[in-house]
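The values are calculated or read from the model by the stated rules, or taken from the named source; none is laboratory data. Note that the coordinates shown come from a computational prediction; the quantities given were computed from them, not determined experimentally. All Cβ positions, glycine included, derive from the backbone under ideal geometry; neighbour counts span all protein chains shown. Ligands, DNA and RNA are excluded from the accessible area calculation, which covers all protein heavy atoms including side chains. Shrake-Rupley method; radii C 1.70, N 1.55, O 1.52, S 1.80 Å.
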Amino acid sequence: MAMSQLAATLALVAGLVVWRAWMVRRSRLAPVPLVLPLTALLVHLVASLTPVSLVGAVPARWLATLDLLFTGYALIRLGTWAGLQLPSGVPWWPQPPKILRDLAMLLLAAAYTVLVLRERAGVNLVGLLTTSAVLTAVVGLAAQETLKDLFAGISLQLDAPFNEGDWIEVNGSGGFVQTVTLMNTYLKTFDGSRLVVPNDTVAQATARCFTASDPVGNRFSIGLDYALPPGQACALLEQVMAQCPGVLQQPPPRAWVGAYADSAITYELLVWQRGAGELQRLEVRSTVLQHIWYALSREGQSIPYPVRELRPKRQAPPEDDPALIDAPSRARLLSGNALFRELGPEQLARLAPLTRCLRFGPGEAVVREGDPSAALFQVVRGRVEVLKASPQGGQTRLASLGPGEVFGEMGLCTGAERSATVRAEEDTVLLEVERDDLLPLVEAEPDFLSHLAHLVNRRRCELEKVTAEQAAARELGLLQRMQQLFGAVGMGRS
């Protein structure tokens with residue numbers, strides 16, 4: 001008989017484990033609870049297999065009472081699962097608060113315990129508590145803080161100021177809400193630690209809540225040089241912030257003049273992002289500040305610092321500053337360009353001082369698809385990637401360009417909109433040649449346009465693999481477009 005009970009118990013345990021694994025893997029329903037049912041089976045097995053002659057009548061009676069208690073606890077737990085948790089897997093069924101489920105199970109278990117101990121063991125817990133004023137006072141005082149946390153937890157669940165997954169900040173500490181139990185609220189902080197906050201503390205404090213799906217503001221400040229006009233500075237900062245990865249376009253980023261400090265004008269910046277976690281805030285803030293530094297470098301500006309001297313002192317540029325690439329060095333770079341390698345030394349010497357070298361940081365957009373184009377770029381150091389917008393959304397990577405390679409020549413020659421976005425993959429230095437820079441060569445040598453149109457068309461036809469007749473027709477149309485475009489630019493300059 002004992003062996004058959006043991007075999008049946010083991011079979012029931014195996015069945016519960018297999019059923020739970022199947023439910024977790026194959027369905028969205030809440031998994032069946034196993035801890036209390038398995039404990040009840042273990043207690044029942046011990047109570048059934050223990051002979052009365054071995055332990056005595058009184059211990060055997062208490063063992064049977066314990067068996068009855070755990071069996072009732074298991075049935076209560078399974079009942080709350082079947083009546084409250086299991087239907088919540090249906091989309092249209094409202095999800096009951098977890099703390100209310102726990103509280104209901106606790107009250108049912110307490111009532112069941114009082115009933116079983118009174119009927120089976122002759123212990124009247126209610127009478128013991130009500131007849132002893134001292135014991136009641138001691139229990140009341142000891143449970144005062146616990147009851148505060150309990151009722152605060154019920155209030156948080158009924159009012160629901162936040163949900164699981166939201167970011168909240170309480171008394172200077174913040175984290176993602178993992179769960180709210182009967183006594184505590186559990187938060188997951190940005191460094192991976194688990195923060196346990198009593199429910200009464202959360203209910204009494206002024207908490208900041210961020211919903212995961214809503215835009216989150218990220219505010220910080222930066223100081224810029226007094227030589228940069230505030231209007232230009234705000235426009236530059238807003239333009240740079242709008243192009244940073246992770247920054248939302250709606251609401252748009254904003255920049256304000258915050259204060260006139262000792263050594264800089266302080267600007268307040270506000271960008272919007274998805275996700276309120278401290279780590280996400282730091283990542284977006286770091287990206288924005290990096291892009292601002294590179295943008296200021298291209299504009300000939302820098303981040304000022306306090307100067308403790310009686311005379312002004314200008315900081316020497318670093319050795320890798322693109323501004324240190326002088327005109328002879330730029331002429332040598334142009335001579336390696338497929339479009340300008342056939343120019344003579346005098347032509348290169350005339351063109352080189354008009355060009356400029358610019359630095360871009362990782363992830364910065366050099367040009368954007370659809371923008372007007374009036375310049376070509378040659379990669380001096382680093383790499384850039386060419387991206388094309390896809391009809392389904394997102395961007396497709398077309399190519400990666402390294403030192404010596406050129407992009408943007410068709411836009412310079414035709415004035416057409418940029419056909420792709422070019423973004424820096426690493427710290428990159430580019431040599432920029434604008435349309436205005438070529439005007440002295442066009443005015444001094446009228447044949448220069450024909451030569452440039454031939455080279456640009458040949459390079460484009462090699463990439464697209466067109467026939468000779470098509471190439472000749474394209475070259476003629478390109479030359480006519482360039483003559484119109486450069487003629488209009490020359491009239492504008494005069």
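Using a/c under 1.5 as the rounded threshold, could you call the range 376-436 rounded, prolate or oblate? The axes a ≥ b ≥ c are square roots of the C-alpha gyration tensor eigenvalues, and prolate needs a/b larger than b/c, oblate otherwise.
Note, shape of the range 376-436 comes out oblate.
In the range 370-437, carbon and sulfur make up what percent of the accessible area (probe 1.4 Å)?
Numbers: 1370 of 2820 Å².
With neighbouring chains kept in place, the figure for the range 370-437 is 49 percent.
Net charge around residue 370, counting only other residues with Cβ within less than 9 Å of its Cβ (Lys, Arg = +1; Asp, Glu = -1)? Around residue 370, the charge tally is -1.
Neighbours of residue 403, meaning other residues whose beta-carbon lies under 9 angstrom from its beta-carbon, give a summed charge of +1 when Lys and Arg score +1 and Asp and Glu score -1. Could you tell me the accessible area of residue 436 in Å² (1.4 Å probe, neighbours in place), rounded to the nearest ten? Using a 1.4 Å probe on the heavy atoms, I get roughly 70 Å². Computed extension length for residue 227-residue 445: 74.5 nm, one decimal, from 0.36 nm per residue of separation with the Cα-Cα distance subtracted.
The H on the amide N of residue 367, modeled in the peptide plane, is under 5 Å from the matching H of 422, each at least 5 residues off or on a different chain.
Per-residue extension of 0.36 nm, minus the Cα-Cα distance of residue 249 and residue 419, leaves a gain of 59.0 nm for this segment.
Averaged over its residues, the range 335-399 has an accessible area of 47 Å² per residue, based on protein heavy atoms and a 1.4 Å probe.
Report the extension gain between residue 34 and residue 371 in nm, rounded to one decimal, defined as 0.36 nm multiplied by the number of residues separating them, less their alpha carbon distance. Don't skip to the answer; put the middle values down first.
Numbers: separation 337, 0.36 × 337 = 121.32 nm, distance 6.22 nm.
Length gained between residue 34 and residue 371: 115.1 nm.
The 3J(HN,Hα) values that the Karplus relation (6.51, -1.76, 1.60; θ = phi - 60°) gives for the range 381-393 are, in residue order, 9, x, 9, 10, 10, 9, 10, 10, 5, 9, x, 7, x Hz. Gly and Pro appear as x. Determine the shape class of the range 332-423: with a ≥ b ≥ c the square roots of the Cα gyration tensor eigenvalues, call it rounded for a/c under 1.5, and otherwise prolate if a/b is greater than b/c, oblate otherwise. Cα axes put the range 332-423 in the prolate bin.
Please label the shape of the range 413-457 as rounded, prolate or oblate, based on the square roots a ≥ b ≥ c of the eigenvalues of the alpha-carbon gyration tensor (a/c under 1.5 means rounded; beyond that, a/b larger than b/c means prolate, else oblate). Display every interim value, and only then the final one.
Values: a/c = 2.69, a/b = 1.87, b/c = 1.44.
It comes out prolate by the Cα gyration axes.
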